[in-house]
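Each remark here refers to the structure printed beneath this line.
What follows is calculated from the coordinates using simple rules that are stated; it is not laboratory data. Predicted, not measured: the structure shown is a model, and the values here were computed from it. Counting neighbours? That spans all protein chains shown, and the Cβs are built from the backbone with ideal geometry, glycine included.
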Amino acid sequence: MTEQDIRSMEYDELTALVTGLNEKKFRASQIFDWLHKKQVDSFDDMTNIPKSLREALAGECCISTAGIERVQESALDGTRKYLFKLRDGNLIESVFMRYEHGNSVCVSTQVGCRMGCRFCASTIDGLVRDLTAGEILAQVYGIIRDTGERVSNVVMMGSGEPLENYDSSVRFIKLISDERGLNLSARNITLSTCGIVPGMRRLADEGLPVTLALSLHAYNDDKRKEIMPVANKYPLNEIMDACRYYFDKTGRRVTFEYSLIGGVNDTDADAAGLSALIGGLNCHVNLIPVNPVKERNYVGSAKSAVLAFKNKLEKNHINVTIRREMGRDIDGACGQLRRRVLKDEAAKATKG
């Protein structure tokens, strides 16, 4: 029998589990508190739960965990890059960032990724598997424990495509925003997608006030296909319709993530095309100088090109910011640390 991931259970599901074991409903409240407020990783730590119930739970369920395998801290800005090991031995990455407005954690939603974006290290080795909601939560809880600091924002922008792991991603949002748990405002959660149109529309219908961030990176389909293979399946006209639908349903403006790649998508023509594509939308553009990835030949745009691109958008009345570069000295780009460790382990195995 496959163990149930109890950390992935919503409150009503946990209540049904507990009452199914002939226990009182209030035990579900206690267990939920242990899992999501006290954030324990073992049933033995639930000291106000009867031993018989703890044993019964351990017989049917597991608590998803993410053990810290490695941490790198930036000497430039204090950003911390975490490599976590899951119960099955798979490795995933998360990032802890300090900003003036509060601490932010970037979580992974999959082990690896199959999207194939040309500037990203996460996708080089492909997709291994989806994460459970509990495994996504375990990244946040592990970082809170390690830093001793409060987290006020979560971005689902690490390895993986959240809308390809739709059920776990939405369950994670509901669990982390549950007032009986961490009680993080859903408005402080950003979900980033490469443009999975059915998932974007489905998310709009969930009634969750999260920020939707679209990885755009080009203003036309031809150039976008060169950078992001997913563009072969979902053309920009369908994606933009889904963005408008998201705003209409949620009232939340869409963020367009635009990674500036030197000589590829950072010209005046690109800025003009982007302005024409998104003009009139209630949106925000986040310009991202690409973190260099050793296995890719893309490089970030020069600072002068980034500023010129920003100015061009602003002249066209587009709301735009340049993302502050974080963790450039610590394998800051998605998937870099995990890939380096996996290569090191493979090399050792070959030698040994």
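Numerical summary
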{"quantity": "Of Ala133, Ala213, Ala58, the one that fluctuates the most in a GNM where the chain has Cα springs shorter than 10 Å", "calculated": "Ala58"}
{"quantity": "Between helix 26-36 and the chain: long-axis angle, C-alpha atoms, 0 to 90°, nearest 10", "calculated": "40 degrees"}
{"quantity": "Listed residue pairs exceeding 23 Å between alpha carbons, taken from Lys174/Lys249; Lys223/Lys310; Lys38/Lys249; Lys37/Lys174; Lys225/Lys303", "calculated": "Lys38/Lys249; Lys225/Lys303"}
{"quantity": "Tilt relative to the chain, helix 336-351 - C-alpha long axis, 0 to 90 degrees, to 10", "calculated": "70 degrees"}
{"quantity": "Dipole of the chain, positive end: most advanced residue of Ile136, Leu307, Met156 [Cβ charges, Cα centre]", "calculated": "Leu307"}
{"quantity": "Mean Cα-pair separation over length for the chain, i.e. relative contact order, pairs under 8 Å, 6 or more apart, %", "calculated": "15 percent"}
{"quantity": "The range 4-62: relative contact order as a whole-number percent, Cα under 8 Å and 6+ apart", "calculated": "37 percent"}
{"quantity": "Diffusion coefficient, µm² s⁻¹, Stokes-Einstein with Kirkwood Rh over alpha-carbon pairs of the range 68-124 at 25 °C and 0.890 mPa s", "calculated": "192 µm²/s"}
{"quantity": "Principal-axis tilt of helix 166-176 within the chain, Cα atoms, nearest 10 degrees", "calculated": "70 degrees"}
{"quantity": "Helix-only mean residue ellipticity at 222 nm for the chain, each DSSP H run of n ≥ 4 adding -39500 (n - 2.57), per residue, nearest 500", "calculated": "-11000 deg cm²/dmol"}
{"quantity": "Cut-off under 5 Å, modelled amide H: who pairs with Val299 long-range", "calculated": "Gly262"}
{"quantity": "Residue order, fewest to most surrounding Cβ atoms within 10 angstrom, among His217, His284, His36, His317", "calculated": "His317, His284, His36, His217"}
{"quantity": "Calculated diffusion of the range 74-195, Stokes-Einstein form, Kirkwood radius summed over Cα pairs, 10 °C and 1.306 mPa s, µm²/s", "calculated": "109 µm²/s"}
{"quantity": "Cα-based reach from Lys312 at 20 Å (exclusive), listing aspartates and glutamates while leaving out same-chain residues under 8 positions away", "calculated": "Glu257, Asp266, Asp268, Asp270"}
{"quantity": "Whole-percent pair-distance distribution, where bins are 5 Å wide, for the alpha carbons of the range 4-62", "calculated": "4, 21, 37, 30, 8"}
{"quantity": "Cubic angstrom per residue, convex hull over Cα atoms of the chain", "calculated": "151 Å³"}
